[in-house]
Amino acid sequence: MRPFHPQYIFEALPQLILYLPVTAAIVIGTVFFGSLLGIFLAAGRIRRGRVGRVFANLYIYVIRCVPSIVLLFLIYYGLPEFLNVFGININDAGKGFFVITTFSLLFAASMAEVFRSAYEAVDRGQREAAVSIGLTEFQAFYRIVLPQCVRVAIPNFTNALVNLMKEGSLAYTIGLIDIMGKGQLMIGQNHGSYSLEIYLALFLLYWGLTILVEKGAGIWERRLSPVKQEKGGAGKCS
Amino acid sequence: MLQVKNVQKAFGENQVLRGVTIEVKKGDIVVILGPSGSGKTTLLRCLNFLERADGGTMDFDEIHTELKSASKAVVSKVRKKTAFVFQNYNLFQNKTALENVMEGLAVARKVPKEEALARAKAALDKVGLSKRYDYYPSQLSGGQQQRVGIARAIAVNPDVLLFDEPTSALDPELIGEVLAVMKKLAKEGATMIVVTHEMTFAQEVASKVIFMDGGVIVEQGSAEQIFTKPKEERTIQFLRRVLKDYDYVI
Amino acid sequence: MQLDTQFMLTTFLHVLQGIPVTLNIVVVTLLCAAPLGFLMAVSKSGEGKIGRRIIAAYVSVIRGTPVVLQILFLYSLLPTVLNYLIKGVLGLSFNIFTIDPIFYAYVVFILNTTAVLSEVFRSALSTVNKGQLEAALSIGMSAPQAYVRIIIPQALVSALPNICNTTVSLLKSTSLAFMMTVKDITAIAKIDASFGYNYLEAYLVIFVVYIFLCSGVQGVFHLTERGAAAYKKPAVS
């Protein structure tokens, strides 16, 4: 059996944490661009227009079927050639650009579903009631409908975010140095030794991040929830 | 035939049954009345061990048992001698009407399939659903579903039928068809314990009416006694309230 | 941009040989993970407190970390551990390093999918109304009979859409099996591409292949759902 040094897990952790900002930047960039695209897709599905709906459905269907790594390779190797046809040169773009592009395309499909189901979950009567007491359309949306949508959307959004974080670890396969990339780099520098310890350190990091995100989302959701009535003490009978 | 003594049951802090004793003879139609929260549904559920009582005893033909510590075998025996009709039907959603009725025969009692089929059909015919054998619950109206529920209960030839507010979940226009089936069973001599809010049913059919409030039996007697000469103040108040609410005339 | 169509065609034919490998991993994984996941779902609602804690931690770790990390970790752990066990403990002369790498893929994906399915089954079981169990008991069925005949069939139907989702993401995750030197669809495309630097063409080909496979999976589930949910169809009369 190969030697195992648990203390190396904790020696590796600080070095990996140094690259946490890279992982965070990828996630934040993807959430931003992915959500933008997701809004358009959701609108396409909700609105009457047939073309928009067919396109949005097709997009979501295709994205749902494609492994992240295949799309990542396709974008990384294919996008420069493709844009070259239009005279756009992105050969010098950083790896982060390709990673964020890939995961925005993926994340948008999840977000489209998040937006759509949140929108549909809020009862139409809410807007009508708001307008009927004299609020403007904008006020009705901003003050009444939107807050309810957000609360409904939080669990699904959290799911999508955690997924993004996990899938984002594939970025190392095209050479991006985030926490995962740094881990692989360290293993390479050690000529393969300490790999188990470094992977365990990464497990701790990703697991911690997921728990952090989920706990945070839970708190956010509770703060937006209307005060719930205290549960009655005993079971109902008769 | 069936007697339970001193039944006690609490949900957490809330004492729901505070020592209830009832006796049922063969052919009795016992109707239990009472405001919501009085413990009448819980009592019925304790009889079928859907709730485990905290105290009390049961004598059921040859069976004698503590309610709290009844063994699995005893519970199973009691359940095979009784049948339960639920407020919200609880038909098996993944089975047709016929299959719903057959389950209790073919699976629980190991009745041969041919015989189970014949008995299930007879039970459904009896409740007037001979044209709905192969319908799933989701394809039936509430009244039809409850009649399947009753068919499922009578198919196993139970000694006692337990009805837990069988019409409370129904739209007013569907209540009649279910009550008609229950009256028919009563006439044929079935032994029934019925928790209900249907006062006319109680008046017309009950051989014994029990009024419960706050986890105890306040008063019991024949339908005539309870409805025309109630003795207890709480009974009088209850009857005045419900009979006015429901617009019934004594 | 000039796509090398000749290359794409030969790659496509090559890749077809990888489909059985991919499907093999998916099917074996599901067949093993489904019963394990179900057992976990049931014991999660069971009595033992320690067992429940362990299961909860296992599910949390698996669901909270990237599949690729699980693959890399197990692929560097398993061979040496197995080698030690076989040579050192059992004293056999079997060479573990000649084992077909697909077995490592099985282990990784079964561990992963079991965790996901246990959550799927748990929530499916909770969707079945409590009254269904009560009704089954009230007509004299035993608890196991009630589960097998009434509760589980209904839970399975409500779990089908999530099982479909799980299968689709399992199918996608198998694209990482190349890291364990399994010759699946992605691995074949990668090898073909690296000969002449035809990455774009190779990945376009498997892009399409994955869409077809995924459509096939969804189609199968769609048909199953329609058959299994017959009892949910609305009234006809």
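Readers should treat all values here as calculations from the given coordinates under stated rules, not as data from a laboratory. Quantities reported herein were computed from a predicted structural model and do not represent experimental measurements. Cβ sites come from the backbone with ideal geometry, for glycine too, and all protein chains shown count toward neighbours.
Quick notes
- Distance from region C:117-194 to region A:1-62 (C-alpha centre basis), Å: 25
- Nearest-ten-degree value, helix A:146-168 long axis tilted from longest Cα axis of chain A: 10
- Between the Cα long axis of helix A:20-46 and the first principal axis of chain A there is an angle of about 40°, rounded to the nearest 10.
- Kirkwood Rh in Å, taken over all unlike Cα pairs in the protein assembly as shown: 30.5
- Sorted from greatest to least, the principal axis extents spanned by the alpha carbons of chain A come out as 70, 62, 31 Å.
- Projected-area average for chain B over all orientations - Cα convex hull basis, square nanometres: 13.4
- Whole-Å distance, taken between Cα centres, linking region A:113-153 and region A:163-226: 36
- Debye-sum result for region B:125-235 in log10 I(q)/I(0), which assumes one identical scatterer on each alpha carbon, at q = 0.20 Å⁻¹: -1.10
- Amide H contacts of B:VAL16 (H built 1.01 Å from N, under 5 Å, at least 5 apart or other chain): B:LYS9, B:ALA10, B:PHE11
- All aspartates and glutamates inside 13 Å of C:LYS44 as judged from Cα atoms, apart from same-chain residues fewer than 8 positions distant: C:GLU119
- Measuring against 31 Å, Cα to Cα, the residue pairs B:LYS26/C:LYS232; B:LYS187/B:LYS229; A:LYS182/C:LYS190 contain B:LYS26/C:LYS232 as the ones spanning a longer distance.
- Region A:107-226, dipole about Cα centre (Lys/Arg Cβ +1, Asp/Glu Cβ -1), debye to the nearest 20: 260
- Exposed-site-free run, longest, chain C (rule: chymotrypsin sites (Phe, Trp or Tyr not before Pro); DSSP loop; at most 14 other C-beta within 10 Å): C:95-196
- Förster-model FRET efficiency, 45 Å R0, C:ASN129 and B:GLN15, C-beta, rounded to 0.05: 0.95
- Taking the fewest neighbouring Cβ atoms within 10 Å as the starting point, the ordered list for B:SER222, B:SER76, A:SER35 is B:SER222, B:SER76, A:SER35.
- Once both labels are positioned 7 Å from their Cα atoms along Cα-to-Cβ, the gap between C:PHE212 and B:ASN6 label points is 7.8 nm.
- Interchain or long-range residues, amide H under 5 Å from B:VAL85's placed H: B:LEU162, B:PHE163, B:ASP164
- Anchor B:LYS9: lysines whose Cα lies under 19 Å away (excluding residues fewer than 8 positions away in-chain): A:LYS236, B:LYS40, B:LYS68
- The aspartates and glutamates whose alpha-carbon is closer than 12 Å to the alpha-carbon of B:LYS113, local same-chain residues fewer than 8 away aside, are B:GLU99, B:GLU103.
- Counting only alpha carbon atoms, the long axis of helix C:49-64 and the longest principal axis of chain C meet at about 40°.
- The ellipsoid equivalent to the alpha-carbon distribution of chain C has semi-axes of 39, 27, 13 angstrom, derived from the gyration tensor eigenvalues as √(5λ) and listed largest first.
- Cα-Cα over 20 Å, subset of B:LYS183/B:LYS231; B:LYS72/B:LYS110; B:LYS184/B:LYS231: B:LYS183/B:LYS231; B:LYS184/B:LYS231
- Loop-located chymotrypsin sites (Phe, Trp or Tyr not before Pro) in region B:124-163 whose Cβ has at most 11 other Cβ within 10 Å (DSSP): none
- By the beta-carbon count within 10 Å of each Cβ, the least crowded to most crowded order of A:TRP220, A:TRP207, fewest first, is A:TRP220, A:TRP207.
- Projected label distance in nm at C:ARG226 and A:ALA25, using a 7 Å step from Cα toward the beta-carbon: 5.1
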